[in-house]
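Enquirer: If you scroll down you'll find the structure; I have some questions about it.
The values are calculated or read from the model by the stated rules, or taken from the named source; none is laboratory data. The shown structure was predicted, so the numbers you read here are calculated from the model rather than taken from an experiment. Methodologically, a virtual Cβ is constructed for each residue, glycine included, from the backbone with ideal geometry; neighbour enumeration extends over all protein chains shown. Only protein heavy atoms, including side chains, enter the accessible area calculation; ligands, DNA and RNA are left aside. Shrake-Rupley method; radii C 1.70, N 1.55, O 1.52, S 1.80 Å.
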Amino acid sequence: MSSFAIKHPFFILMLCLMVIVVGVTTVARMPVDLFPEINIPVVVVATFYAGMPPQQIEADITDSYERFFTLGSGINHIESRSLPGVSLIKIYFQPGTDANAAVSNISNLAMANLRRLPPGTLPPVVLKFDASNLPVCLVTLEGQGLDQTRLKDLAQFEVRNQIANVPGASVPQPYGGKYRQIQIYVDPVKLEAHQLSVMDVVRSVNESNLILPAGDVRIGPKDYNVYANSQIPVVDEINAMPIKTDKQDHIGESVFVGDIGKAVDSGQRQYSIVRVDGQHSVYIPILKQAADRTRSVL
């Protein structure tokens, strides 16, 4: 081979140049995925029992499932964690195991062992642990002078919709903040004085705040559109909403929401709090769509 290269130097030179050109061209055109699909054969089993302490969760639920899951095939090892009211078990399978088959196998074992658990235990939730379930990045929102309700609305209805337009991005619900909710605080003494109940207030609000179908009316040669949207745009107008009308001496006397309570622009009960540098904030996790095949060159 060395003698052939010495006798034909130009041929060897052209062959090397051709290999270099083909190699560079192939590398330049090679598709590269910034976030490649990763098949991790891991199955997560979550079991819930409200109010049970971690010690009993571990003894009555977690340990029972761990022993029963050893009947599965292709299992590498099992990890578990017992929390108040929750048992989390991760089953790691051998590389190359079909993830769908693993989920089916663990689901069957979990349901078969359910009758051995304490009465009142909820059916387990079996999920496939996928890399696409992990966020690629987090978008946080914080603002001076903005309350948690306003931050939640900005993240939910403005920022989230803009990020959702990015190809390959999946945007779940934001975390933190409060969902906006109009609440009516009533005085039980005033309700009793007007012979009303809380359900009377609820029924009147539901019947008064609605959207009616629009129509049209013809008057002479013209046709007019009729808009019958009776939804209340301002919170203070709820206080002027009538609840009932008593007819005395052919005169109707109405009882309004403001007569028995007050409408407040508030929020639902909060279950999660997000703080950035000690300030109330909201964050949006950005996930990669599992079925996305978009390729981009680094």
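Enquirer: Is it the case that some residue within the range 62-76 is among the hydrophobic types (A, V, I, L, M, F, W, C), out of contact with any helix residue (DSSP H, G or I) (no Cβ under 9 Å at 6 or more places or on another chain) and farther than 26 Å from residue 168 by Cα?
Expert: No.
Enquirer: Also, I was wondering about something else. Would you confirm whether any residue within the range 52-69 is within 25 Å of residue 289 (Cβ to Cβ), within 29 Å of the chain's Cα centre (by Cα) and in contact (Cβ under 8 Å) with a residue 24 or more places away in the chain?
Expert: No: zero hits.
Enquirer: I've got another one for you. Would you please list the contacts, defined by Cβ atoms under 7 Å and residues six or more apart or on different chains, that run from a residue in the range 252-274 that is under 20 Å from residue 199 (Cβ atoms) to a residue that is open to solvent by 80 Å² or more (accessible area, probe 1.4 Å) and not in a strand (DSSP E or B)?
Expert: Partner pairs satisfying both residue conditions: 259/190; 260/190.
Enquirer: Exposed (fewer than 11 other Cβ atoms within 10 Å of the Cβ) and of a type outside the set (Phe, Trp, Tyr): which single residue out of 160, 203, 180, 218 fits that description?
Expert: Selected residue: 218, the only one of 160, 203, 180, 218 that is exposed (fewer than 11 other Cβ atoms within 10 Å of the Cβ) and of a type outside the set (Phe, Trp, Tyr).
Enquirer: Just a yes or no: is a residue in the range 7-18 at pLDDT below 90, farther than 20 Å from residue 136 by Cβ and within 53 Å of the chain's Cα centre (by Cα)?
Expert: no
Enquirer: Here's something else I'd like to know. Which of the numbered conditions does residue 64 fail, given that it passes all the others? Conditions: (1) touching a strand residue (DSSP E or B) at 6+ places or on another chain (Cβ under 8 Å); (2) closer than 13 Å to residue 47 by Cβ.
Expert: The one condition residue 64 does not meet is (1).
Enquirer: Checking the conditions here, which among 145, 120, 168, 176 is within 30 Å of residue 106 (Cα to Cα) and of a type in the set (Gly, Ala, Ser)?
Expert: Step by step, each of 145, 120, 168, 176 is checked, and only 120 is within 30 Å of residue 106 (Cα to Cα) and of a type in the set (Gly, Ala, Ser).
Enquirer: Filter the range 88-102 down to residues that are open to solvent by 80 Å² or more (accessible area, probe 1.4 Å) and touching a Ser or Thr at 6+ places or on another chain (Cβ under 6 Å), then give me how many there are.
Expert: Qualifying residue count for the region: 0.
Enquirer: Another question about this same structure. Look at residue 198 and say whether it is under 33 Å from the mean Cα position of the chain (by Cα), of a type in the set (A, V, I, L, M, F, W, C) and over 30 Å from residue 143 (Cβ atoms).
Expert: Against the criterion (under 33 Å from the mean Cα position of the chain (by Cα), of a type in the set (A, V, I, L, M, F, W, C) and over 30 Å from residue 143 (Cβ atoms)), residue 198 qualifies.
Enquirer: Specify which of the listed residues (148, 144) is modelled with pLDDT under 90, out of contact with any strand residue (DSSP E or B) (no Cβ under 6 Å at 6 or more places or on another chain) and on the phi < 0 side of the Ramachandran plot.
Expert: 144
Enquirer: Related question: Out of the range 60-87, which residues are within 26 Å of residue 118 (Cβ to Cβ), out of contact with any Leu (no Cβ under 9 Å at 6 or more places or on another chain) and open to solvent by less than 60 Å² (accessible area, probe 1.4 Å)?
Expert: 63, 66, 75, 78, 83, 85, 86, 87, listed by residue number.
Enquirer: From 121, 97, which residue is β-branched (Val, Ile, Thr) and in contact with a Gly (Cβ under 8 Å, 6 or more places away or on another chain)?
Expert: 97
Enquirer: Of the numbered conditions (1) open to solvent by 60 Å² or more (accessible area, probe 1.4 Å); (2) in a helix (DSSP H, G or I), residue 123 satisfies every one except a single condition; which is it?
Expert: (2)
Enquirer: Go through the range 26-48 and report how many residues are open to solvent by less than 60 Å² (accessible area, probe 1.4 Å) and at pLDDT 85 or above. Quick ask: steps written out before the conclusion?
Expert: Within the range 26-48, the subset open to solvent by less than 60 Å² (accessible area, probe 1.4 Å) is 32-33, 40-47.
Filter once more, keeping what is at pLDDT 85 or above: 42-47.
Number of matching residues: 6.
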